[in-house]
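S.K.: This is the structure, below, for whatever I ask next.
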Amino acid sequence: MFDWLIVGAGFAGSVLAERIANVRGERVLIIDRRDHVGGNAFDIYNEDGLLVHRYGPHIFHTNAQRIFSYLSRFTEWRPYEHRVLADINGQLLPIPINLDTVNKLYGLALTSGELEEFFQSRAEAIDPIRTSEDVVVARVGRDLYEKFFRGYTRKQWGLDPSQLDKAVTSRVPVRTNRDDRYFTDRFQAMPKQGYTAMFRRMLQHRKIQVLLQADYREIRTVIPHRRVVFTGPIDEFFSYRFGRLPYRSLRFEHMTKRQSQFQPVGVVNYPLDRDYTRITEYKHLTGQHHPWTALTYEYPTEKGDPYYPVPRAENQALYKKYEDLARAADDVWFVGRLATYRYYNMDQVVGQALATFDEIERQVPVAAGVPAIARKTGIRPGAESADSAS
């Protein structure tokens with residue numbers, strides 16, 4: 001008999017497995033359909049000895065001390081500040097848009113103060129702001145919107161920005177200085193030995209058993225357990241009772257180039273042409289020294305594993321129906337991006353999992369037969385929210 005069955009070995013499931021085993025001393029079975037732990041953050045050395053992210057680039061960043069301190073128990077860090085360039089008609093320009101972006105694009109020599117006036121002169125008055133198109137056009141005008149945002153968003157989501165909630169483009173800032181970092185969070189780093197090594201340390205506990213290539217629907221009545229943490233798609237848990245929640249997926253093409261470097265930064269976006277949205281070169285992220293370099297080309301698609309909940313009002317209304325079912329479910333905890341139908345950064349998923357564990361501690365008695373001495377002191381109670389963009 002397991003005290004907890006945790007479905008999904010990504011950030012949400014792994015954090016809760018570690019906390020339940022280490023702090024509560026209870027037995028945990030954590031399962032995953034895939035053949036590895038780590039969820040979409042899984043990284044692996046390819047056949048050429050280069051460390052790559054199988055499911056596209058994962059850059060860790062957070063403003064929350066609690067979250068960074070927690071993960072630091074399981075990894076050392078390599079400092080890394082992410083930078084992204086956008087290919088605009090063959091010219092590589094910083095994204096998010098900043099002072100250098102505008103000056104290089106238009107052949108200007110504006111100061112920061114003049115750039116704000118430039119934006120204001122091109123911005124369109126839109127009230128109220130409802131869509132992703134509204135957000136950008138009201139801030140920087142239509143030309144920058146067309147060059148940097150519209151094409152990329154249409155490829156990524158399969159919808160025009162005018163059909164998407166304003167939250168999509170609100171995540172990407174616009175700057176009037178020369179700061180070309182993609183994130184400005186207090187903590188920006190990559191796990192020194194990679195994400196997979198971090199997850200393996202997290203799950204290395206005698207009270208945790210990991211079962212891979214396992215489907216919850218097939219084992220839920222076979223393996224005895226008292227409670228469930230579910231991190232998969234919430235509509236799947238309820239057998240699609242109200243219909244399927246829409247997601248966007250991704251297809252990845254991985255390759256090795258027999259050259260030491262392919263592009264000047266870790267990620268280059270392609271908003272105007274090409275079928276792919278971006279190219280990632282992992283050596284910038286990992287700091288690995290190797291005579292060759294590994295790349296991933298990223299193609300958005302409608303089919304495949306669910307990655308991104310599609311942010312539209314009708315989809316949120318459908319999710320609310322499943323959320324009501326989830327609240328009524330006994331001894332089942334729904335945690336993570338897929339289970340709560342939200343786009344979360346990695347640190348936000350960790351924060352949500354830690355907050356969920358705090359709730360479990362307050363609400364759920366420790367299983368009978370677990371000696372008090374088995375319980376260790378947990379991290380400080382109370383969850384911090386992660387204030388960061390992705």
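S.K.: What is the ratio of the Cα radius of gyration of region 84-170 to 2.2 N^0.38 Å, where N is its residue count, to two decimals?
M.R.: Relative to the 2.2 N^0.38 Å estimate, region 84-170 comes out at 1.08.
S.K.: Now for a different question. 222 nm [θ] for the chain, helices only, -39500 (n - 2.57) per DSSP H run of 4+, per residue, to 500?
M.R.: So the calculated ellipticity at 222 nm is -8000 deg cm²/dmol.
S.K.: Mind ordering 301-307, 78-84, 137-143 by average Cβ neighbours within 10 Å, highest first?
M.R.: Result, highest mean Cβ count within 10 Å first: 137-143, 78-84, 301-307.
S.K.: Rounded to the nearest 10 degrees, what's the angle between the helix 346-363 long axis and the longest principal axis of the chain, both from Cα atoms, 0 to 90?
M.R.: Roughly 30 degrees between the two axes.
S.K.: What ratio of Cα Rg to 2.2 N^0.38 Å holds for region 118-168?
M.R.: Cα-based Rg divided by the globular estimate yields 1.06.
S.K.: In terms of modelled amide H atoms, which long-range or inter-chain residues lie less than 5 Å from the amide H of residue 305?
M.R.: For residue 305, whose amide H was placed from the backbone, the distant partners under 5 Å are 250.
S.K.: Computed FRET efficiency, Cβ-Cβ of residue 327 and residue 162, R0 30 Å: what is it to the nearest 0.05?
M.R.: So, using R0 = 30 Å, E works out to roughly 0.35.
S.K.: Ok, one more. Can you grab the distance from the C-alpha centre of region 20-46 to the C-alpha centre of region 186-230, Å, no decimals?
M.R.: Here the answer is 2 Å between Cα centres.
S.K.: Could you give the radius of gyration (one decimal) and Dmax (whole number) of the Cα atoms in region 1-121, in Å?
M.R.: Looking at region 1-121, its Cα Rg and Dmax stand at 21.9, 69 Å.
S.K.: Sticking with this structure for a sec: Got a sec to turn the phi values of region 307-322 into Karplus ³J(HN,Hα) couplings, 6.51 cos²θ - 1.76 cosθ + 1.60 with θ = phi - 60°, whole Hz, x for Gly and Pro?
M.R.: So the Karplus estimates, Gly and Pro as x, are 10, 10, x, 7, x, 9, 4, 5, 6, 5, 5, 5, 4, 4, 5, 5 Hz.
S.K.: Please list, ordered by chain and number, the residues whose modelled amide H lies under 5 Å from the amide H of residue 64; skip anything fewer than 5 residues away on the same chain.
M.R.: Counting only residues 5 or more places away or on other chains, the set is 387.
S.K.: Return an integer: the convex hull volume of the alpha-carbon atoms of the chain, in Å³ per residue.
M.R.: 149 Å³
S.K.: For the chain, what number of Lys pairs, 8 or more residues apart or on separate chains, have alpha-carbon atoms under 18 Å from each other?
M.R.: Qualifying lysine pairs in the chain: 7.
Each reported figure results from applying straightforward, stated rules to the coordinates on display, with no laboratory input. Quick caveat: nothing in here was measured; it's all calculated off a predicted structure. With ideal geometry, Cβ positions are generated from the backbone for all residues, glycine too; neighbour counts draw on all protein chains shown.
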